[in-house]
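Data block below; observations after.
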Amino acid sequence: VQLQAFGGGLVQAGGSLRLSCAASGRSFSSYAMGWFRQAPGKERELVASISWSTTKTHYVDSVTGRSTISRDNAKNMVYLQMNALKREDTAVYYCAASVLDYTASGRSELYDYWGQGTQVTVSS
């Protein structure tokens, strides 16, 4: 599976962005998907994850209520809609795929495929 994340950019605090991740390869619909982020000087953290069936989702506390992860298996796409953005959301965002059907764990080693990252910068 190859993943390509896009949709990042510069946005003012309080604004919104929708990140997209395009997947190629077989069996995309059987993978759990996650969005991670890494800010300068900080460890990479899981932002949100979604099961292959879309029935289960998980969010880190800091984005709960402000973000929505979704996927379209017919189009091999995963999305992260982020609203009410804060400066602390500034980071490089990565999409990742896991052969598990679902995981809420933030352990990077559970994910098997990674995209190249897209920069999100939130200005005050």
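The values are calculated or read from the model by the stated rules, or taken from the named source; none is laboratory data. Since the structure is predicted, the reported quantities are computational estimates derived from the model, not experimental observations. Positions of Cβ are backbone-derived with ideal geometry, glycine not excepted, and every protein chain shown enters the neighbour counts. Ligands, DNA and RNA are excluded from the accessible area calculation, which covers all protein heavy atoms including side chains. Shrake-Rupley method; radii C 1.70, N 1.55, O 1.52, S 1.80 Å.
Cα centroid distance between region 1-72 and region 91-105, in Å?
Cα centroid to Cα centroid, the span is 8 Å.
Name the most mobile residue of Ser51, Ser16, Ser98, meaning the one with the largest mean-square fluctuation, in a Gaussian network model of the chain with Cα contacts below 10 Å.
Per the Cα network of the chain with a 10 Å cutoff, Ser16 tops the list.
Can you check what the net charge comes to around Val11, using other residues whose Cβ is under 15 Å from the Cβ of Val11 (Lys, Arg +1; Asp, Glu -1)?
Summing Lys and Arg as +1 and Asp and Glu as -1 gives +3.
How many nm separate the modelled label positions at Asp61 and Gln38, each set 7 Å beyond the Cα in the direction of the Cβ?
In this crude label model, Asp61 to Gln38 measures out at 2.4 nm.
What is the dipole size for region 1-66, taken about its Cα centre, with +1 at each Lys and Arg Cβ and -1 at each Asp and Glu Cβ, in debye to the nearest 20?
Computed charge dipole of region 1-66: roughly 120 debye.
Semi-axes, largest first, in whole Å: what does sqrt of 5 times each Cα gyration tensor eigenvalue give for region 65-124?
Over the Cα atoms of region 65-124, the ellipsoid semi-axes are 23, 14, 12 Å.
Could you give the length gained by full extension between Thr68 and Ser108, i.e. 0.36 nm per residue of separation minus their alpha carbon distance, to one decimal place?
12.4 nm
Dividing the Cα radius of gyration by the Kirkwood radius, what Rg/Rh value follows for region 46-86?
With Rh from the inverse mean 1/r over Cα pairs, Rg/Rh is 0.98.
Within the chain, what whole-number % of the accessible surface is contributed by carbon and sulfur, with the 1.4 Å probe and all protein chains included in the calculation?
Percent of accessible area from carbon and sulfur atoms in the chain: 47.
Along the positive direction of the dipole of the chain (beta-carbon charges: Lys, Arg +1; Asp, Glu -1; about the Cα centre), which of Gly117, Ser16, Gly65 reaches farthest?
Comparing the listed Cα positions along the dipole, Ser16 ranks first.
With θ set to phi - 60° and the Karplus curve 6.51 cos²θ - 1.76 cosθ + 1.60, what are the ³J(HN,Hα) couplings of region 109-124 in order, to the nearest whole Hz, using x for Gly and Pro?
So the Karplus estimates, Gly and Pro as x, are 5, 7, 9, 9, 9, 10, x, 8, x, 9, 7, 10, 10, 10, 9, 8 Hz.
Please work out the average accessible area per residue across the chain, using the 1.4 Å probe convention, and give it in Å².
50
Once the dipole of the chain is set up with Lys and Arg at +1 and Asp and Glu at -1 on Cβ about the Cα centre, which of Ala32, Gly7, Ser105 lies farthest towards its positive end?
Gly7
Dipole of the chain, Cα-centred, from +1 at each Lys and Arg C-beta and -1 at each Asp and Glu C-beta, to the nearest 20 debye?
220
Check each of the trypsin sites (Lys or Arg not before Pro) in region 1-84 and keep only those in coil by DSSP with at most 13 other C-beta atoms within 10 angstrom; list them in order.
Here the trypsin sites (Lys or Arg not before Pro) that fit, given the DSSP loop and packing criteria, are Arg26, Lys42, Lys75.
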